[in-house]
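Nothing in this text is a laboratory measurement; each read-out follows from the coordinates by a stated rule. Just so it is clear, the structure is predicted and the values come from calculations on it, not from any experiment. Heads up, the Cβs are rebuilt from the backbone with ideal geometry, glycines too, and the neighbour counts pull from every protein chain shown.
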Ligand code: BGC
């Protein structure tokens, strides 16, 4: 940093022709280089130095890959990834080297260059940890790798709520609850930015399905969106302070998200006082003046993805015609520079250098160990004893690796793709398996056992193998990717028949799920145990073996409700997903049906019994929680719960606090805390409650408001496994 400032000063002195004497040094030639100044002051000082052409250079980016369709080479200066915004060397403004994303440095250019990165498990695995420290560590790992690879912007921070288990990008997000998702994604962002790599939060907003994502108009009332999807963003932004917000493809109440004055100007910049910049998703900009005036600050990868480079000639013309003000152009640039200063892009430029792969793989492993969810464990089939003498491992290429999701977030993992040649081979593929073999890890964990593998392609052969073994471990999988949704909840390729055949041959069957999100499990009652491992990540095989053999006690809790079938969802038919060929895409999707009652709140409202509730997850030990102790301080409830490990193994429990507001029967998660306890140990945990979750959003006054009255507070081990209610009176208050 010092070196950079010094060289900048030297260059300024040289350029102005002033002799390098003491009085010349005293002049603050480049006040924006002074790291002691605030990011705002530095950005304001710098924007005044820019020519109009330079300002325009900063407000649109290019696709940072060679474009075969146009025969365009790699843009000069880009290191190759999703996006590039050239810098301005005369003022020491660094370029933005932008890469995907939230599960690791996901750089499609790597398919050709052979570069690799550490792949974290799904975002849903991180969310299932209910552990902000796990989320932060994952973010810091990604940020560190990005920085050492030369990237200074990560297109991470996916926080769209799960309104439907069929959404093809659920694995990139953090589930259905605004508090859990906002908290953990905020921590991931904080982790990334701790490495001086700017992170986005995305896709703003309500991009909750992939079907018709670039055309669909999401309809939802203001209060409902403020209390659901927008709240997840609000909390993630408050916690993570991302340098940028990526606006999404879809429309919201009639306007494209990237030219939506309500979302960008009114909510984000005015109500939330967001000081950073808004960048568009790739192909999500539809206008120049309208978008700029509505709050879009930077157009992404325009030549390749948008109809025109709107933030070039069309915006210049709009400026000349007075449709967009010069002040607004300066605001766009100031916001971009301000975030670059705030995160450290000027003072701590990326340095290519070695990466500690082992340490980073350990982060990926710990994430799954904290986030895999044990859904069923009959007659304590798990943990497996290390002195078993025969185990059958079946299915899902478990001999080679573990499945990853596809699309822009897909990481070329350390060790390369373990199973090549599967379709689709091109985007949103190639279908990728992280090379961490559960079979090998199981063999290593069960030293004395004969561990044999069947691919599962032939259910009869798999059942025969299972019959001879003491235990069968069947891996099943569901590939999902950006750009499409699943038609239904059924596992593909007749895997249900495989599990049923294996379970019939050997009731001591453990199923390990590698899925995007909840799936139907028609064989559930026939198997002994089920572990949801999501997409397990670069050290997934090892983590799964550790969990199966009890070296690690499962502590994940579902961040989503697991429905019994599609009829329980607000939209049993996903608009457009199963449309007949030639049928026009759906024009709108109505999120007003469930409104803010997403996931478990919908199930409560409709009195539906899910297969597994939000917040659910088993352990190899048992816990007892007391009813919450609630006192009121400064008008807000202070909640504590005593948790005791009543079993024989160390383990972690999650205290979940649900609140019911006066006049509203629906319970919502208002706070949570994860606690690790030795056998017999007890601890009293104070669980901070998030004031927004005790409030309702007052649309007329445009703010959260605690109405006052009698609130019911529950401690829970899931959304449906709750203590008796403790009533507490709160005064009316603006939190
Ligand atoms: C995705 C974004 C991603 C961008 C750049 C888009 O298709 O929706 O999440 O960051 O591509 O790769």
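Some observations on this one:
- Taking other C-beta atoms within 10 Å as the exposure proxy, 348, 60 rank 348, 60 from fewest upward.
- Listed peptides 539-548, 615-624 appear in the order 539-548, 615-624 once ranked by packing, highest mean of other Cβ atoms within 10 Å at the front.
- Shape annotation for region 182-254: C-alpha extents along the principal axes are 37, 24, 15 Å, from largest to smallest.
- Over region 466-578, relative contact order from alpha-carbon pairs under 8 Å, at least 6 apart, %: 26
- Size descriptor, Kirkwood hydrodynamic radius, that averages inverse alpha-carbon separations across region 280-388, Å: 18.9
- Compactness check for region 555-614: Cα Rg over 2.2 N^0.38 Å is 1.33.
- Here residue 497 and residue 611 are evaluated by their C-beta separation; at R0 = 25 Å the FRET efficiency comes out at 0.80.
- Relative contact order of the chain, defined on C-alpha pairs under 8 angstrom at six or more residues apart (%): 13
- Normalised by residue count, region 54-114 yields a Cα convex hull volume of 109 Å³ per residue.
- 19 Å reach of a label modelled at residue 721, 7 Å along Cα-to-Cβ, counting backbone N of region 688-714: 714
- For the chain, the longest principal axis of the Cα atoms and the long axis of helix 326-343 meet at an angle of about 50 degrees.
- Distance in nm between pseudo-label sites at residue 664 and residue 316 (7 Å out along the Cβ direction from Cα): 5.0
- Taking only the Cα atoms of region 581-735, the ratio Rg/Rh comes out at 1.06, with Rh defined as the Kirkwood radius.
- Computed Rg/Rh of region 338-377, alpha carbon atoms with Kirkwood Rh: 1.29
- Calculated FRET efficiency, residue 702 to residue 457, Cβ-Cβ distance, R0 = 51 Å: about 0.30 to the nearest 0.05.
- Rounded to the nearest angstrom and listed largest first, the equivalent-ellipsoid semi-axes of region 348-408 from its Cα gyration tensor are 34, 16, 14.
- Global form of region 425-517, assessed from the alpha-carbon gyration tensor, a/c cut-off 1.5: oblate
- Here 583, 367 are placed in order of increasing Cβ neighbour count within 10 Å, fewest first, which gives 583, 367.
- Between 0 and 90 degrees, the angle of helix 2-16 with respect to the longest Cα principal axis of the chain falls at about 20 degrees.
- Inter-site label distance for residue 648 and residue 551 at 7 Å from Cα along Cβ, in nm: 2.2
- For the chain, the Cα-based Rg and Dmax, in that order, read 26.2, 88 Å.
- Gain upon complete extension [residue 624, residue 567; 0.36 nm per residue less C-alpha separation]: 17.1 nm
- Each peptide in 191-202, 122-133 gets a packing score, the mean of other Cβ atoms within 10 Å over its residues, and the list from highest to lowest is 122-133, 191-202.
- Three-way shape label, region 562-661, alpha-carbon gyration tensor, a/c 1.5: oblate
- Cβ-Cβ distance of residue 587 and residue 115, R₀ of 41 Å, FRET efficiency by 1/(1 + (r/R0)^6): the value works out to about 0.50.
- Working note: Cα gyration tensor of region 60-157, eigenvalues times five, square-rooted, sorted largest first, giving semi-axes of 28, 16, 11 Å.
- Rotationally averaged projected area of region 295-358 (alpha carbon convex hull; nm²): 7.1
- For the chain, the longest principal axis of the alpha carbon atoms and the long axis of helix 495-505 meet at an angle near 30°.
- Distance from the C-alpha centroid of region 407-486 to that of region 285-351: 44 Å, rounded to the whole angstrom.
- Alpha-carbon gyration tensor eigenvalues x 5, square-rooted, for region 92-225, Å: 26, 17, 15
- Whether region 215-274 is rounded, prolate or oblate, judged on the alpha carbon gyration tensor where a/c under 1.5 counts as rounded: prolate
- Taking 0.36 nm per residue of separation and subtracting the current Cα-Cα distance, fully stretching the chain between residue 450 and residue 426 would add 4.8 nm.
- Exposure proxy order (Cβ contacts within 10 Å, fewest to most) of 363, 734, 109, 655: 734, 109, 363, 655
- Radius of gyration over Kirkwood radius for region 258-315, both on Cα atoms: the Rg/Rh ratio is 0.98.
- Zone of residue 49's modelled label, taken as backbone nitrogen in region 252-291 under 18 Å from a point 7 Å along Cα→Cβ: none
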